[in-house]
Each structure stands twice: as structure tokens, then as C-alpha cells.
Amino acid sequence: MSIVGVATPFVGRGPELACLAEMLARAAERSPKAVVLVGDAGVGKTRLLREFAAAARTSGARVISGSCVALGSGELPYAPLIDALRRLARDVGDDTLRELAGPAYADLAGLIADFHDSGRPADPRPASQLVVFGAVLRLLDRLSTDEPVVLVFEDLHWADQSTLDLLAYLTRGLTDERVLLVGSYRASDLPDRHALRAVIAELDFARRLVHLELTGFAPDELRRFLGHLTGTRTDDELFARAFELSEGNAFFAEELVVAGVLLSPAPGATVRLPRTLRDLILARFERLGDASREVMRVAATAGRRVSHRLLATVCGLPTTALHAALRECVSQHMLVTDPEDDTYVFRHALLREAVHQDLLPGERIGLHAAIAAAIIADEQLGLPEDVTLAAELSYHWYEAREYGHALAAAIRAGDTAVRVRAFREAELQYLRALELWPRVAEPAKVAGVPRDRVLGAAAEAARWAGHVDRAVELAREALDDLDATTSPARAGELLERLGRYLWESADTVGSREAYVSAGGLLAGQEPSALAARVIAGQALAEVQAGRYTAGLRAGREAVAMARTVQAREEEGRALNTVGVALTMLGRVDEGVGALRVALTIAEDTDNLEDLFRAYGNLMVSLENSGRLEESVRVALDGVDRARRSGLEHTRPGGVLANNASAVLTQLGRWDEAIALIADLVADRPVRQSLYPRLTLAEIDVARGRFDQARERLTAIREAAANLRDPQFLGALVACESELAIWSGEPDEARKILAAGLDAIGDTEHVVVRLRLYALALRVEADEWLRLALRHGHDPEDVRVEELHAAAARSAPAEAHDPKPEERALRLLCRAERERASRADPALWAETADAWLAFGRVPPAAYARWREAEAAVEGRDRQRATRAAREAHRAASRLGAEPLLREVSGLARRARLDLREDEAAREPGPGRADRPFGLTPREREVLRRLGDGQTNRQIARALFITEKTASVHVSNILMKLGVGNRGEAAAAAHRLGLFDDR
């Protein structure tokens, strides 16, 4: 046998090509699609994409492709985007690209332009990622006007986080553009917790991805593949060996052929096979000449792609010898050329990895040092994109053990990554710099900045990368590096940041302490922007603790100071807190006005942190003033802004999404709420997703998924040990106590509510207290009715009266009109109190109307149930039917199973007609004498059952057998539509079946 042809043959893959072609056709019809191609290394993903790209170009589509780069830990931000843009620029020319891209060109040109930097950590406020993402989307939109566009990102298992965020953004953001997105990755190279898995899961959940899995060749396909390679039919024995070793993997099979394993002149002869693919690759590598092996070693050290000039510089070979060596590498299928940019690329990434790993330590260190030195001497020798050059140098100096150079390069790489908002990559570089710090003499001099500055930059990058716990650790370490007595301003600055990080990590106690400490350090100093920011942080801590008056006072002080020193950003930040405090104190119009000014300032100063805070505070203020629909619109606007900024999955975007879902939950739009926050809890630690988890738990309880709710609430309670936000604690306690109530555990509900009322302390959040008191009164009203039924007379209602008096004291009527929710809760407390003696259907109707006045469907449905119950007790069947129908309709639409069961049970017991299309039917003749069809004997059994008698006691009293008594009880339960003896007794009491007593 002999190897024929240089190109690897393309075999099979018909279904995969057809799928890609169909997706392109749909995209051409303005239905953009996203396809992810997954398969093991060497299975043929790149070759399939190459064939598809050729077919797409033939059909008139424009194909733009780029590959991720395996460099160290994958620190190159936007590597495939930069690769694709560079290829596009070379393909059409700069002028044409500028014309095609339109306004987007200016925003993307910087990614492939030369740069120079001072080497100091940059101000890490996010801004540029929004520009990059939006510009790419606009570019694709313009390019697809005349012809469909295929954008291919290969090797996503090496992708940086910014590339993954861009991919998610484009997949979600495309609407009617004629664009097909295609990505590929190796499943075998993807750790369980790799960021790509989370992105794919999120897009899967949103039904935005088409999965295309590429597996190894089937036996007949592999035989055809080998036949193309060798020009003859492979011997059965050798073929079986080839299939066993390669498992149908095209690359493995090709390597077997190229290594000569299948070229034995004597079929059936034993062949000593290498144990691993790496050995196969190195067997081919060793057959190269000395000069060629040296070229391969340099190329492998440089990375997957290497320029001809860099090879020439580092190898030091004469031009003729270098050309001969490169020609051998290409002819032996070790390297392939890219004529577009005069670079060489490893035929497969595994080739590069195997050669690089085979280097001796001294060889590896020397080559990395030589490459770094060459790039320093002539930056054009490295990867030509400015945002990757610093990362490249950091990697090479680190591997060369030149720690001083590596330290400076790592800081520069971190700063560069921050500028394009590649925060995960920035975090990696800063952490590398901190690792190197003790290995370098005079590191601050080498770095150009003190260690606390690097720690601060690393903390901020970690915070925006979603690693809040690490941000806290780094900020504390930075503080430990400082002497606060000699550097109070810097320590105050770090404490202010620490306060923010602690709040985001659900440690409100620690957050407030940090703000207070920062204020103490700056006390007595001249007014400054920093001091205004610290005072604003203290104000925020007071508001979060429910002390709105103190928060308003501190917030106004911060506003005044910020205006004095003309610190506009700090003024906006303080107004954020002032607006919330005013709203919570009932001065809604003033508060909303202050928040709208804060929103405008954040827009003008391009401060995304304060922008999203203003969105969140404005929607919460509108929510608390009863303007729920407007609140949802503001929150969703903020979510959209976060999405367009590439911050959808960071904490600011998550907070807005959760706030919107919480209001949707109040409105009864539960499915919308779940869809909005489902991905927020998918891959986040519990402590960083407390609020969305609590929203889901509330819906679980309301829908009767009690086991799932308990599991969520247990996790939340454990993770929220240091959270003292009364609004959160109030919601958590309310959810836990409602679960206990619906589960028939009144003692547990009492214990939860008592602890909850104690925990929220002296908060000025009236609504939080009233909500808990209303639930406590509900528990006591239920207990009062149970005792009244058991003992046959009204029990003492001391506990009910005490609770109602406490509720009135804790939420005194204000001079201003109460907020809608406050008014509805006051009515609810009164109605629950009255239920413990003689329920008033009119009061329950007023309560339901108060909830509906601002769109709160779920609590209104509960009030309608109670109205129907009270009307039945008052013998007002018409009112009972009307209220029961409304409660049943709302509970059915919501899927509120516990409430639905109660309403349905009431309707069965009272013979209420819940059908909407028929008038309520009055009972027929004799019905009053035999309610629910109960016989006289069954009524007597029910009377004694209500007294708490057992079947044996009933049998003895009525001179019947115990078995007969049991039959009577079973019939009673069936006729009343209840599940147990207690429910039967309670129903008899509520319905007044034995008022003659």
C-alpha cells in the first residue's frame, strides 16, 4: 500500500452537512440560527466545517471564521473574533471592510490595531464590552443585508470567557438577521465545570441552539476513508486493528496510516504499536530531520499558530535551511500554511501539545525566553492583535521563569483585558502577577505599582467576573498590605469596595461594618469624592437594614458633599439611596424623581454599576408604591441593557432579572417569572442567588410543590446566615410560614413567625412587619376555629387580640396616605382577626378589592376564598358562589393547587356551583333538612365526631357496632368532600350545621 494524495479525504457526514445546509437556508430567510458542533479531538469537526464553508460560499453566502487559541490557561480575550476580523480584513481589504461595517468599524478596529500601554492597572469600570458586542451584532447585520453570513468559531473548549459571553449575546440577540452562527468544541477536553457548559446549558434552556454531535466513522466509512488514504483496500486483519485503535476517529486512523502501522508488506505480521496517540505523533516527529525538529519545537513553544518571521528569528537557521525544514514539516503533514497572513499552523492541536510536552525542561525554558525576547525586540513577530500581545508575553515570560518580565507583562495583560471587559482573563493575569510577586526582587518597582493596587484591580476584576467571594478575599488582603494610619484615603477606598463586595455576597452585617470603618478613616478630612462615596455607602447600609430615616439623612449628606467637590458620579450614587429612602418613607414622588436623576447621571457618566443600581432601585420604588406594571417595565429595560452590555449573567443583570420576576410573581404571572430567573440559579452558588431561589420557593409553595420548596428554603436559610436585609428576611419568613400553614403545621408556623418578627427588629419597612403579622393572625384564627369546634364554645381570643394590637402598634397610620400594599395588609390583618370570631364577608371583599386595585392577583384570590367561606357561614349563597367562582378561576389560572383544593372543597361541602356558564342552583325540596345528603344518623355521628369522639365512643353512645360507626364516618367524609375527621368537624362548624347547639 502507498499513501496517495496530500489532502485528507472527506468521507460520509451527509446528515451533518444536510443539517448545516438547512440551518443556512433558514438563516437566509431571516430566521437566524445557531449550531454547536461537538465531537472528540480528531473526529473531523474542522474538516466538516471546511466542506460546509466551501458549499456555503458556492451558494452565495459569506463565511467568516476564527479559532480559539490554546495559550497557557486560555487567557486570550476574543481570540476567535480577532482571528475572524483579521481574515475578513485581509479578504476584502480595509477600505471595503470599513464600508461594509459602517459605524461598527470604529468600535472593532481597535481589536486588531497596534497599541502601547503604560503598564498600570486600568480603572476597571465596565463599558467596552457593550461596545464590542453591539458592534459585532451591527457588523453581522450589515454584512447579511446582501448575502447570508456564516460566522464560525472553532475550538470553543479553549475559549476565553469574553468569547463565550459574546457567543451567548449573539445567539440571544439575533432576531431577523440573515446569520448562521456555528461553534465547535471537544467534549473530551471540557471539564465538568467549564464555563462553556454553562453557556450551552443556558442557550439550550432558551431553545436557542441546534446540537450537532459528530461521532467516529462507522466501520464501512472508516474502510472507505482508509481506502482513499492508501489507494487500496485495507487487509481485514489490519483494518480490524485500525478500527480498534482509532474507534473510528479520523485523525487517529490517519495517524496510523501515516506512521506506517497499516503499511506492513506482510499482512498478518505483528506490529509493535505505540500505546498512546502521543507516541504515534512523536514517532512521526522523530523521523523529521534535525532542522525540521528544531522548527517544530520552536513552533510548538510559540503556540498553535506561528509567523514565519518569528520562526526565522528564534530558530536562527540560514534562510535556505529554514525553508527546507519548513517544507519537510508541511510535506509530512505536521504543519499547514496559511497564505493569508504568512503563518504556519499545526495540522492538529494535539500535534502541538505532544511536541511541546516532549521538550526537556531546559529546552522549554530557553525557547520561551527566546520567543519573548524576540517579540519584545519586534512586536510584529508575535500575534498581530494588540489585546493578545500582552497575554502572549506574559505566558512566554512565565514559562521561561523570567519572573520579573512575567510580572510586568501579566499586569499589562490584565489591564488590556479590562479595557475590553474580558474580566475572567483579567482576573487570571492579575492572579498570575500576585503569584509572581514574592519571586521578584523589588516587585513594586518592576510592576510600577504597589501590591495593594494589583490586589484591588484583581478584586474588581473578580467581582465583575462573578467571583464575589474571591473579590472579598483580595480586598481584605489589600487592606492587610496597608497601614491605614499612613494611607487612610487608600484604606477607605478599599473598605468602600469591600463593603460593596460583602453586600453582593449576602453579608450585610460585614458590609455595614466596612462602610462604617471607611467613614471612620476619613472623618475629619477635607471633603472629597471618596468621602462622598463612603458616606453614600453608609447610607446604603442603613437603607438595607430598613432604617430609612437614617439612610436618608446620610444620603443627603453624601449628595451635598459630592456637589461641593463637583463629583457627579458620587452625586448620582448618593441620589440612588436617597430615592429609595424617600419612597420607603412614603414620599413616593420625591423618591422616584431622585432615582430618575440618578439614572440620568449614570447614563451621562457611563457608570454601569450605578446605572444598574438606579434601574433596580427605581423598579423597587415603583413596586412599593403599587405601580407594579410600570415597575416590571423598568426592570425589563434594565435587563435588556445588561444583556446589551454583556453583563446579563453578572450580579447587576441578575438582580434586575430577579426583581422583575418578584414583581411578576406578585402579579400572578408565575410562568414568566420562572422563565426569567431559571438560568440565574442553574450554575450559581446558593449564596450568590438567594433572591431568585426565594422567588422560586414562593411559587413552589403556592403551587403545592412542598418538598421542592423545603429543599430550596433549607439551602437558602443556611446560606443567608449573615444576611440582615429585613425585606429579604421578611419574604423568607413569610414563605417558610406559609409552607408550614399549608402543610398543617401551625406550631411550626408560629415558631417561624415569632423568630422572623424578632429578626427584622426595628425596621421602618411597615409592609414587611404587616405581612408577617397577617400570617400570624391567620395561624391563630385557624387555631381558634379548631378549638371552638373541639370544645363546642368560643375559646379565649387573647392571642388574636394581642397580635392585632401589636400589628397596629408596629405599623401606625401615617399622616400621608398609606401605600397600596400597606392598606391591603391592614385590611387583611383586620379580616383575619374577625375570622376568629364571626367572619365578615364584606371585610374580606374589601380586602380582595384592595389587592386587585394594584394587580395583586394571588392574595386577592385568597381573600375571595375567605369571603366565600364567610358568606357560606352567613347563609348568603349568592355571594358565596360569586366569590368562590372568582377564587377558583384565579387559583386555576395560577396553578395554585393548595388554594384550589380549599375552594373546591368548600364548594363541594356547601353545594356551590363553580361553573361559570350557569346560574347558581338553589337546593331542592328537603335539602335544608338533609344538608349534603346526610342522613339523620350521619348528622348525629358528625355531631359527636365534632366533639372529638372516637369510633368506639360513638358506637357506645349510639348503641351501634364500631364497624357501623366506621362506615358512617366514611360516608360523611365522602359527602362533605373532606379527607379526614378533623376536616369534617371543621367544615361542620364553619358551615353552621349545628348552630342549634
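The values are calculated or read from the model by the stated rules, or taken from the named source; none is laboratory data. Keep in mind it's a predicted model, so treat the numbers as computed, not measured. For neighbour counting, all protein chains shown are included, and Cβ atoms are generated from backbone atoms with ideal geometry for every residue, glycine included.
The requirement of being buried (at least 21 other Cβ atoms within 10 Å of the Cβ), over 27 Å from ALA465 (Cβ atoms) and either charged (D, E, K, R) or assigned by TED's automatic domain parsing to the domain that holds THR171 (or both) is satisfied by GLU623. Scanning region 522-536 for residues that are touching a Gly at 6+ places or on another chain (Cβ under 8 Å) and either modelled with pLDDT under 85 or not in a helix (DSSP H, G or I) (or both) gives a single hit, LEU522.
The C-beta contact set for region 419-437 (first residue outside any helix (DSSP H, G or I), second residue not acidic (Asp, Glu), distance under 6 angstrom, 6+ apart or interchain) comprises VAL420/PRO77; VAL420/SER128; VAL420/VAL387; ARG421/PRO126; ARG421/SER128; ARG421/GLN129; ALA422/PRO77; ALA422/SER162.
When you scan region 565-578, do you find a residue that is over 28 Å from GLY524 (Cα atoms), under 32 Å from the mean Cα position of the chain (by Cα) and surrounded by fewer than 22 Cβ atoms within 10 Å (Cβ to Cβ), even just one? For region 565-578, residues over 28 Å from GLY524 (Cα atoms), under 32 Å from the mean Cα position of the chain (by Cα) and surrounded by fewer than 22 Cβ atoms within 10 Å (Cβ to Cβ): absent. Restricting attention to region 421-443, the residues that are under 22 Å from ASP165 (Cβ atoms) and surrounded by 22 or more Cβ atoms within 10 Å (Cβ to Cβ) add up to 11. Residues being among the hydroxyl-bearing types (Ser, Thr, Tyr), over 28 Å from GLY510 (Cα atoms) and modelled with pLDDT of 80 or more are entirely absent from region 706-721.
Within region 453-463, one or more residues are touching a residue at least 24 places away in the same chain (Cβ under 8 Å) and either outside any helix (DSSP H, G or I) or surrounded by fewer than 21 Cβ atoms within 10 Å (Cβ to Cβ) (or both). Determine, yes or no, whether ARG613 is under 20 Å from GLY593 (Cβ atoms), among the charged types (D, E, K, R) and surrounded by 24 or more Cβ atoms within 10 Å (Cβ to Cβ). When the stated conditions are applied, ARG613 passes them.
The set of residues in region 703-751 that are outside any loop (DSSP other than H, G, I, E, B) and among the polar types (S, T, N, Q) comprises GLN708, THR714, GLN727, SER737.
Going by the conditions given, is GLU609 in contact (Cβ under 8 Å) with a residue 60 or more places away in the chain and assigned to a helix (DSSP H, G or I)? Yes: the conditions hold for GLU609. Scanning region 807-851 for residues that are surrounded by 18 or more Cβ atoms within 10 Å (Cβ to Cβ), hydrophobic (A, V, I, L, M, F, W, C) and at pLDDT 90 or above turns up ALA824, LEU825, LEU827, LEU828, CYS829, ALA831, LEU843, TRP844, ALA845, ALA848, ALA850, TRP851. Only one entry in ARG875, ARG921 is modelled with pLDDT of 85 or more and in a loop (DSSP other than H, G, I, E, B), namely ARG875. Taking the criterion of being over 25 Å from the mean Cα position of the chain (by Cα) and among the acidic types (Asp, Glu), the only residue of region 506-523 that qualifies is GLU513. The set of residues from region 543-555 being under 28 Å from the mean Cα position of the chain (by Cα) and surrounded by 23 or more Cβ atoms within 10 Å (Cβ to Cβ) comprises VAL543, ALA545, GLY546.
Within region 62-102, the set of residues being at pLDDT 85 or above, closer than 19 Å to THR145 by Cβ and not in a helix (DSSP H, G or I) comprises ARG62, VAL63, ILE64. Per the conditions (1) among the acidic types (Asp, Glu); (2) in the same structural domain as LEU803 (by TED's automatic domain parsing); (3) not in a helix (DSSP H, G or I), the sole criterion not satisfied by GLU832 is (3). Tell me, yes or no, whether region 39-48 has at least one residue that is outside the structural domain of ASN249 (by TED's automatic domain parsing), touching a helix residue (DSSP H, G or I) at 6+ places or on another chain (Cβ under 6 Å), crowded, with 18+ Cβ neighbours inside 10 Å and in a strand (DSSP E or B). Yes, there is a match, as at least one residue in region 39-48 is outside the structural domain of ASN249 (by TED's automatic domain parsing), touching a helix residue (DSSP H, G or I) at 6+ places or on another chain (Cβ under 6 Å), crowded, with 18+ Cβ neighbours inside 10 Å and in a strand (DSSP E or B). Just to be sure I understand, how many residues within region 356-408 are touching a Phe, Trp or Tyr at 6+ places or on another chain (Cβ under 9 Å) and at pLDDT 85 or above? Residues in region 356-408 being touching a Phe, Trp or Tyr at 6+ places or on another chain (Cβ under 9 Å) and at pLDDT 85 or above: 10 in total. Against the list (1) at pLDDT below 80; (2) assigned to a loop (DSSP other than H, G, I, E, B); (3) exposed (fewer than 15 other Cβ atoms within 10 Å of the Cβ), the condition SER970 fails is (2).
Among residues of region 487-512 that are part of a helix (DSSP H, G or I), those with a Cβ under 6 angstrom from a residue that is polar (S, T, N, Q) and crowded, with 24+ Cβ neighbours inside 10 Å, sequence gap 6+ or separate chain, pair up as GLY499/SER511; LEU502/SER511; TRP503/SER511. Test MET584 against the criterion of being in contact with a Pro (Cβ under 6 Å, 6 or more places away or on another chain) and surrounded by 22 or more Cβ atoms within 10 Å (Cβ to Cβ), and give yes or no. When the stated conditions are applied, MET584 does not pass them.
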